[in-house]
Amino acid sequence: MENTDVLVRKYELMLIFSPEVTEEIRNKEFAEIQKFVSGANGEITFEDVFGMRNFAYSIKHKKQGFYVILDFTIPTDRLEELQKSLNINAAVLRYLLVVLPENYEPRTLASYDEDGEKMRKELEQQRKEKKEARAVPKRKPAPAPVKKAVKARKPVVEKVEEVKETKKTKDTQLEDLDKKLKSIIDDPDISL
């Protein structure tokens, strides 16, 4: 008797096959997973092959792996059996199985690549605009010097004569002061 109360969910499975596995074995293993999903009253809704990719870090001493994506629906009670078979499969380096939200739209690797290229161009444009904004504006050429009105200067000889004349007036003032002091000192009415 079949249980009709089992919950059916959408899942996405990312498989990373070992790079040493031949294409024939990879196709056979992938076909077995598809057969399991179909046999478990599931339905495959999307699949995409990303191909050979380099890892950011090594996985089981491997530097790269072959990526495959599979979206499907399957009853939740059959999920554990699928995970057990993936865990013991020697051709599979890693796998990731996630529950998909109801409004999820699957995308191909090509669409991700297109979006990545578009974003890269936008970033380059933004960097270029920032660089231009930070650039020092070109300096304007220096304006021609403004000619100032030059005061008529007295010749050096005239300046020297003025200095001598002021010196004479100071000397005469001192002489006059000396005479007054001498007259005060010589005055018999004043005693010192």
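For the chain, the Cβ-based charge dipole about the Cα centre amounts to some 1940 debye (Lys, Arg positive; Asp, Glu negative; other atoms uncharged). Relative contact order for the chain: 25 percent, from Cα pairs under 8 Å spaced at least 6 residues apart, divided by residue count. Remark on the chain: hydrodynamic radius 26.2 angstrom, per the Kirkwood mean of 1/r across alpha carbon pairs.
Under the simplified labelling scheme, the Val136-Asp186 pair shows an inter-label distance of 8.0 nm, with each label point 7 Å from Cα along Cα→Cβ.
Whole-Hz Karplus values for region 77-83 come out as 6, 9, 5, 4, 5, 5, 5 Hz, taken residue by residue from phi with 6.51 cos²θ - 1.76 cosθ + 1.60 and θ = phi - 60°; glycine and proline positions read x. Straightening the chain between Glu80 and Glu20 buys 18.9 nm, computed as 0.36 nm per residue apart minus the Cα-Cα spacing. Approximating the spin labels as points 7 Å out from Cα along Cα→Cβ, the Arg53-to-Ile88 distance works out to 2.9 nm. Here the extension length gained between Glu105 and Asp171 equals 12.7 nm, from 0.36 nm per residue of separation less the Cα-Cα distance. Taking the Cα centre of region 104-145 as the origin and placing charges on Cβ (Lys, Arg +1; Asp, Glu -1), which of Tyr112, Gln125, Pro145 is farthest toward the positive end of the dipole? Of the listed residues, the answer is Pro145. Shape class of region 8-101 from the alpha-carbon gyration tensor: prolate, with a/c at 1.5 or above and a/b greater than b/c.
Values quoted throughout were computed directly from the atomic coordinates according to the rules given, and no laboratory measurement underlies them. Only a predicted model underlies this, so the values are computations on that prediction, with no experimental measurement involved. All Cβ positions, glycine included, derive from the backbone under ideal geometry; neighbour counts span all protein chains shown.
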